[in-house]
Amino acid sequence: MTAEVVGRAPADGLKVGQATSHLIGFYGTTAISQRAGAAQGTALVGTASSADVTSDVKAAIIEIMNTLTNLGLWKGSA
């Protein structure tokens, strides 16, 4: 099986998807559009130690995990 190369070192880089509504998926998952949610706001999450994990930090981590899972980049389950 020959793998297809994407990009081939273009001078301007490589962009996947041209708009937030374009669908993207990896490893055979159903392609999805860009996720949006309040937990993605950078103002909600400040610097925290492991002893000070707020609900905003937990929500941000869960959103990251859900995004990676839905894209097919994180398995998400055993």
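The values are calculated or read from the model by the stated rules, or taken from the named source; none is laboratory data. Everything quoted here is computed from the prediction, not taken from an experiment. Counting neighbours? That spans all protein chains shown, and the Cβs are built from the backbone with ideal geometry, glycine included.
Listing for the model above:
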| quantity | calculated |
| --- | --- |
| Filter result (in contact (Cβ under 8 Å) with a residue 40 or more places away in the chain and in a loop (DSSP other than H, G, I, E, B)) within the stretch 1-27 | 25, 26, 27 |
| Test: residue 44 is surrounded by 12 or more Cβ atoms within 10 Å (Cβ to Cβ) and at pLDDT below 70 | yes |
